[in-house]
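Peer 1: One structure is given below, represented as structure tokens, and several questions about it will come after.
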Amino acid sequence: MIEIAPSILSADFTRLGEQIEAAERGGATIVHVDVMDGHFVPNITVGLPVVRSLARATRLPLDTHLMISDPGLYAEQFAEAGARMVSVHVEGHPHIHRTLASIRKQGAKAGVVINPGTSLGALDEVLQFADYVLVMSVNPGFGGQEFIPTSVEKIRRLRRMIDERGLDVRIEVDGGIGRENIATVAAAGAEIFVAGTAVFGQGDPAASVRGLLSAAAQLV
Ligand code: DX5
Ligand code: ZN
């Protein structure tokens with residue numbers, strides 16, 4: 001099932017509730033929250049207090065993408081704060097198996113994130129302990145970057161890897177998603193589409209989400 005997960009990174013932070021409501025009216029079913037610490041990535045965004053407030057402001061599941069060092073120290077807290085999906089990067093995380101288990105223990109879905117420069121081999125031992133894989137199609141840190149075209153083939157190979165192992169793992173994709181590429185990426189096997197600029201950068205978030213959903217349904 002195709003789902004659109006608007007990234008609030010590109011929203012107007014003075015009226016987040018309204019902007020999320022508008023995206024939901026357009027058919028968004030997940031809210032993507034980019035958590036950056038200025039260390040794992042060269043940018044700083046929001047943390048636990050914002051997740052707690054958003055959990056009260058919307059019924060949509062919150063998907064927290066942790067771009068932070070030592071995610072093992074914080075992942076569980078994000079689930080406790082109300083995130084129903086929590087994802088951690090494979091890069092530089094020696095205890096990812098334990099972190100994924102701690103997220104699930106809180107009743108949230110556990111995700112593994114993989115950067116554009118990281119090979120799918122890095123997922124080998126953790127795939128079976130994840131509910132979803134978030135494939136970065138830009139280098140994390142900023143919204144509004146251009147989609148890296150080799151991500152399509154990477155998603156196709158990941159889909160095959162998941163299917164061959166008979167696992168129930170969904171693929172989410174993040175970075176540079178828009179009406180022009182969403183159908184191709186969906187055909188490769190991604191199901192959850194994070195979109196920041198394409199949802200909040202054009203004025204009307206509801207219409208933008210509708211546009212993405214209809215573009216995703218086109219045959220390629
Ligand atoms: C990038 C973030 C993305 C970002 C996507 O580090 O993980 O979620 O908000 O923004 P767009 O859709 O503008 O590429
Ligand atoms: Zn993200």
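Rule-based calculations on the coordinates, nothing more; no lab input. Everything numeric here is computed off the predicted structure, so don't read it as measured data. Cβ: placed from backbone, ideal geometry, glycine included. Neighbour counts: every protein chain shown.
Peer 1: Working only with C-alpha atoms, what are the Rg and Dmax values of region 69-220, expressed in angstrom?
Peer 2: Final numbers for Rg and Dmax: 15.5, 43 Å.
Peer 1: Could you pull the Cα extents of region 154-197 along its three principal axes, largest to smallest, in whole Å?
Peer 2: Principal extents (Cα only, largest first): 34, 15, 12 Å.
Peer 1: Right, next: With N denoting the number of residues in region 119-181, provide Rg(C-alpha) divided by 2.2 N^0.38 Å, to two decimal places.
Peer 2: Working: Rg = 12.3 Å, N = 63, 2.2 N^0.38 = 10.6 Å.
Compactness ratio reported: 1.16.
Peer 1: Also: How large is the convex hull of the Cα atoms of region 46-94 per residue, expressed in Å³ as a whole number?
Peer 2: Per-residue hull volume (Cα only) is 65 Å³.
Peer 1: How are the Cα pair distances of region 29-152 distributed, in percent, across 10 Å bins from 0?
Peer 2: Computed distribution, short to long bins: 14, 47, 34, 5.
Peer 1: Which one of A186, N115, A130 has its Cα pushed farthest toward the positive end of the charge dipole of region 88-220, where Lys and Arg give +1 and Asp and Glu give -1 at the Cβ?
Peer 2: The listed residue farthest towards the positive side: A130.
Peer 1: Along each principal axis of its Cα atoms, how long is region 1-78 end to end? Whole angstroms, biggest number first, please.
Peer 2: 36, 29, 21
Peer 1: Under unit Cβ charges (Lys, Arg +1; Asp, Glu -1), what dipole magnitude, rounded to 20 debye, does the chain have relative to its Cα centre?
Peer 2: 360
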